[in-house]
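The values are calculated or read from the model by the stated rules, or taken from the named source; none is laboratory data. Given the structure is predicted, the values throughout are model-derived calculations rather than measurements. Backbone-built Cβ (ideal geometry, glycine too); neighbour counts: all protein chains shown.
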């Protein structure tokens, strides 16, 4: 028997207590018998926390999947031992989450004068926790972003959808980039649990200059004729503190140069010996592709990372986006 991590158990108690309080507040609107059954389910989960069996499947005594506990802190069985009805509902939820996520992905052919974009998005499972966005703003500037939600599975995909909704609601306001990210952070922080956070790097491309704001995400690369420069400097991830100021950097791109954004599923890809693909290999892969289109560059780099894994299954979601100034 392998118990869940202490952070999973610690995060579960306040969520379960909140459910109990909501049930008691709704006592007058549901039958007493139904209320008693639901309260018994909540109290049983609290008892499992107290006696150290929380998060342990009651059938096989192995650990219940962390993403299931995030979605349903009252879960008593792992996915392998759900009842037929529960399993069918779980599969339907996964399928729906996957469809929703695929519809949130941006177009790979945005009509922005002077710029071309292309992204590659490969979730490690049916759904993923990476965030990817590219959109035109009033037909003039280009907004783009790559992010990564803490955790994995369905819970992370739901938070990714939430982050996407926040940013898409803010984009039409045409806020300065630093203010847009600060507002997104406040909204994300105030509407998610304390254990959840997201890293994000986003930018706005104008005529020949790009504004970049990094909230704890992997450093982007500026691909030039003379090499690939790592763009350091990052603020705190979204969701940790409500009032955070985010610095903005300015990058000037010459014709044919690119910005490359990626998730850690690229650089932390492992070969059979346990070696990481790493930033140096990524930079080398980028340098060998200078002068190619955004699509060719993204696909070539991703192919290098997949080749490096040598058949090993991806352990994390993989996202790579190229923003290239047209020659």
| query | Given (1) at pLDDT below 95; (2) buried (at least 17 other Cβ atoms within 10 Å of the Cβ); (3) not in a helix (DSSP H, G or I), where does residue 323 come up short, assuming only one miss? | reply | (1)
| message | Given the options 233, 291, 274, name the one that is assigned to a loop (DSSP other than H, G, I, E, B), at pLDDT below 90, assigned by TED's automatic domain parsing to the domain that holds residue 217 and at positive phi. | response | 233
| note | Just one listed residue, out of 223, 187, 175, is touching a helix residue (DSSP H, G or I) at 6+ places or on another chain (Cβ under 6 Å) and without any contact (Cβ under 8 Å) to a residue 40 or more places away in the chain, and it is 187
| request: Could you tell me whether the stretch 55-74 includes any residue that is modelled with pLDDT of 80 or more, in contact with a helix residue (DSSP H, G or I) (Cβ under 7 Å, 6 or more places away or on another chain) and over 19 Å from residue 152 (Cα atoms)? | output: yes
| Which of (1) more than 21 Å from residue 234 (Cβ to Cβ); (2) free of Cβ contacts under 8 Å to residues at least 24 places away in the same chain is the odd one out, the single condition residue 280 does not satisfy? | (1)
| note | Out of (1) surrounded by 19 or more Cβ atoms within 10 Å (Cβ to Cβ); (2) under 25 Å from residue 115 (Cβ atoms), the one residue 295 does not meet is (1)
| query | buried (at least 16 other Cβ atoms within 10 Å of the Cβ) and assigned by TED's automatic domain parsing to the domain that holds residue 144, is that true of residue 307? | reply | no
| message | I'd like to know if the stretch 78-92 contains one or more residues that are closer than 20 Å to residue 181 by Cα, modelled with pLDDT of 75 or more and outside any helix (DSSP H, G or I). | response | no
| said: Condition first: in a loop (DSSP other than H, G, I, E, B) and surrounded by 15 or more Cβ atoms within 10 Å (Cβ to Cβ). Now tell me which residues in the stretch 212-230 satisfy that. | reply: 217, 218, 219, 220
| query | Out of all the residues in the stretch 100-120, which are crowded, with 20+ Cβ neighbours inside 10 Å, within 18 Å of the chain's Cα centre (by Cα) and more than 18 Å from residue 188 (Cβ to Cβ)? | reply | 119, 120
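Quick check on residue 245: is it surrounded by fewer than 17 Cβ atoms within 10 Å (Cβ to Cβ) and outside any strand (DSSP E or B)?
In short, yes.
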| field | Qualifying position, being touching a strand residue (DSSP E or B) at 6+ places or on another chain (Cβ under 7 Å) and over 25 Å from residue 206 (Cβ atoms), among 265, 311, 278, 274 | value | 265
| task | Could you grab me the full set of residues in the stretch 10-41 that are within 30 Å of the chain's Cα centre (by Cα) and either assigned by TED's automatic domain parsing to the domain that holds residue 196 or surrounded by fewer than 15 Cβ atoms within 10 Å (Cβ to Cβ) (or both)? | result | 10, 14, 17, 18, 22
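Quick one: which strands (runs of 3 or more DSSP E) sit completely within the stretch 95-173 and have at least 3 residues that are modelled with pLDDT of 90 or more and more than 30 Å from residue 70 (Cα to Cα)?
Working: elements: 115-122, 130-137, 141-149.
Correct list: 115-122.
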